[in-house]
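Computed from the coordinates by the stated procedures, all read-outs in this text should not be read as laboratory data. Just so it is clear, the model here is predicted, and its values are computed rather than measured. Positions of Cβ are backbone-derived with ideal geometry, glycine not excepted, and every protein chain shown enters the neighbour counts.
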Amino acid sequence: MGFADLSIAEIAADYSVPVEKVFSLCNQLGIAYKHQKTRLALEDAKAIISQISSEIRPKGTSDSVGDHEVT
């Protein structure tokens, strides 16, 4: 497994969420960490980012243009 060049603190800053939120996601997903500067494995970073993204834009919503049905 490769390592992402991202720490917990960097993910929190990039997605405008508290570090504690990322810690909570790590705990939920079973991702080991020691502190906010912990560098994450690529798959772990992707899992956290995916979870944050799904909470920001819930499934079933879209920000693309032209997805409205015209009758």
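Would region 1-54 count as rounded, prolate or oblate if I go by the C-alpha gyration tensor, calling it rounded below 1.5 in a/c and otherwise prolate when a/b exceeds b/c, oblate otherwise? Rounded. Here the peptides 5-17, 25-37 are ranked by packing, the mean other Cβ count within 10 Å, and the order with the highest first is 5-17, 25-37.
Contour minus end-to-end for SER50 and LEU29, with contour as 0.36 nm per residue of separation and end-to-end as the Cα-Cα distance?
Extending this stretch completely gives an extra 6.4 nm.
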